[in-house]
Amino acid sequence: MALSRKTSFMIIVALMVGAFLGGFIPSYMENRKLKAEIEERQDQLAEAQERLQVALLQAKLGMMLIEVEQNNYGKAKERSTEFFDDLRQTATAVRDDRRREVLMAVLARRDEITSDLTSLNPETATKLRALFVQLYSGIGH
């Protein structure tokens, strides 16, 4: 029994559509899976970058404290400017609300610390230690 030309054409079209979908759907699903994986990795990278920025801030604060403990208030004031400028930049860029709150609380003490460094206040080291603890414990490292 011979198939009509129209029927043969419809079968060929149906087979082509089936072959296309047979190749497209698995590729599409794999693509979605890979996109989700990339998004997850990007989130992990952003988190790691935030943690690195906070660790760098802690190191800068530690260096400022060392300068104060060595009575090198001029150098400590320079480090203070760098620390608080970087702190402001980091605080506005972080995605985690809790982390941002801690950073902003430390940033709120900028004028006080700058004034203490300018006036050579002997209590500055104690205040810097407290800031270090606040930064360290508040971020959750």
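Miscellaneous remarks
- Hits in segment 69-100 - residues which are in contact (Cβ under 8 Å) with a residue 40 or more places away in the chain, buried (at least 18 other Cβ atoms within 10 Å of the Cβ) and hydrophobic (A, V, I, L, M, F, W, C): ALA76, VAL94
- Of all the numbered requirements in (1) touching a helix residue (DSSP H, G or I) at 6+ places or on another chain (Cβ under 6 Å); (2) under 14 Å from GLN134 (Cβ atoms); (3) of a type in the set (Gly, Ala, Ser), ALA105 misses one, and that requirement is (1).
- If you filter segment 1-38 down to residues that are of a type in the set (D, E, K, R) and surrounded by 10 or more Cβ atoms within 10 Å (Cβ to Cβ), you find that the one that is farthest from the chain's Cα centre (by Cα) is GLU30.
- Test: GLU39 is out of contact with any Gly (no Cβ under 8 Å at 6 or more places or on another chain), in a helix (DSSP H, G or I), of a type in the set (D, E, K, R) and free of Cβ contacts under 8 Å to residues at least 40 places away in the same chain: yes
- Of the residues making up segment 113-141, those that are without any contact (Cβ under 8 Å) to a residue 24 or more places away in the chain and more than 19 Å from ARG99 (Cα to Cα) are SER115, ASP116, SER119, ASN121, PRO122, GLU123, THR126, LYS127.
- If you filter segment 117-141 down to residues that are among the polar types (S, T, N, Q) and not in a helix (DSSP H, G or I), you find that the one that is surrounded by the fewest Cβ atoms within 10 Å (Cβ to Cβ) is SER119.
- Matching entry among ALA14, ALA48, ALA76 (being in a helix (DSSP H, G or I) and in contact with an Asp or Glu (Cβ under 7 Å, 6 or more places away or on another chain)): ALA76
- Verdict on ALA105 being in a helix (DSSP H, G or I), touching a Gly at 6+ places or on another chain (Cβ under 8 Å) and surrounded by fewer than 16 Cβ atoms within 10 Å (Cβ to Cβ): yes
- With respect to the conditions (1) within 21 Å of the chain's Cα centre (by Cα); (2) among the aliphatic types (A, V, I, L, M); (3) at pLDDT 95 or above, ILE66 lacks only one, and its number is (1).
- Of the candidates THR81, THR90, THR114, the single residue that is β-branched (Val, Ile, Thr), in a helix (DSSP H, G or I), at pLDDT 90 or above and under 16 Å from the mean Cα position of the chain (by Cα) is THR90.
- Evaluation of LEU131 against (1) in contact with a helix residue (DSSP H, G or I) (Cβ under 7 Å, 6 or more places away or on another chain); (2) under 13 Å from GLU50 (Cα atoms) (one fails), failing number: (2)
The values are calculated or read from the model by the stated rules, or taken from the named source; none is laboratory data. Since we're looking at a predicted model, the values are computed, not measured. Every residue, glycine as well, gets a Cβ built from its backbone with ideal geometry; the counts of neighbours run over all protein chains shown.
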